[in-house]
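> This structure is in structure tokens; I'll ask about it shortly.
Every number in this text was worked out from the coordinates using simple rules, so none of it is lab data. Predicted model, so just to flag it, every value in this text is computed and none were measured. Note that each Cβ is placed from the backbone with ideal geometry, even for glycine, and that neighbours are counted across all protein chains shown.
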Amino acid sequence: MKATKVKNAYMKKKDPLFVRESLLNAAFELAATKGMADVTVNKVSELADVTKGAFFHHFDSKETLVTELMQMLLTRLDKQFDRLMAEEENSDGCFTRAYIRAAFSEGAAERKVWGALLSLLASKDQVGWVWDTWLSERLKRHSKTDSRIELRVVRLAADGVWLERIMNAKSKNLKGVEESLIEMTRIRYKVG
């Protein structure tokens, strides 16, 4: 995603969806390249080539913009999960395997945005709520295939990999880790 500037300001005024998308793309670009500290109303507006008034027409605050950015990323993640899960036809553990694959497939720019948003999760209830709601809804939707405790443990391990990748840690043999986690989703433990 890259912020796009319109050469004809008149045309931009006629397309509020384009302005909104430009603001979100500018926030994404700033977060990915500079971090969340640089995602300010002034800098987002400037990069999107709109006035602060236009910013506030679409978002009532920076926090609202960040929440929308989180929603946008989760929508992308939903599409990725759905595509990965369609390959498995709702088999046991399919959501967890998609979760693992997503943890290993994020691009560098998205890892930076997730890293920036992760810092907000600790301090801003709204962004954390968006993530929690998204995950809870997905787990409810896939409760028939992914409710086993073993699968939750594997998802938590995938979260650890995701966090390690966000922190730009130098990891060796992540492919081996991904394959091991995928294999763990296929193991059924006997209780009792």
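> Which aspartates and glutamates have a Cα less than 13 Å from the Cα of K140, not counting those fewer than 8 places away in the same chain?
Within the straight-line limit of under 13 Å, K140 reaches these aspartates and glutamates: D132.
> Shifting gears a bit: How long are the semi-axes of the equivalent ellipsoid of the stretch 19-155, taking √(5λ) for every eigenvalue λ of the Cα gyration tensor, in whole Å from largest down?
Largest first, the stretch 19-155 gives 32, 14, 13 Å.
> Please work out the FRET efficiency for the pair E179 and Q71, using the Cβ-Cβ distance as r and a Förster radius of 25 Å; give the result to the nearest 0.05.
Taking R0 as 25 Å, the efficiency between E179 and Q71 is 0.20.
> Kindly write out, for the stretch 53-62 in residue order, the coupling ³J(HN,Hα) from the Karplus curve 6.51 cos²θ - 1.76 cosθ + 1.60 (θ = phi - 60°), rounded to whole Hz, with x marking Gly and Pro.
x, 5, 4, 6, 5, 9, 9, 7, 6, 4
> Could you tell me which of the pairs K52/K79; K144/K175; K79/K175 are separated by over 26 angstrom between their Cα atoms in the structure shown?
Pairs exceeding 26 Å: K52/K79; K144/K175.
> Near K62, which aspartates and glutamates are there with a Cα under 13 Å away, not counting those fewer than 8 places off in the same chain?
Answer for K62, where 13 Å is the Cα cut-off: D38, listed by chain and number.
> May I ask you to compute the full-extension gain from E88 to M167, defined as 0.36 nm times their residue separation minus their alpha-carbon distance, rounded to one decimal in nm?
Full extension from E88 to M167 adds 25.3 nm.
> Extension gain K79-K140, at 0.36 nm per residue separation less the Cα-Cα distance, in nm?
Net length gain for the segment: 20.3 nm.
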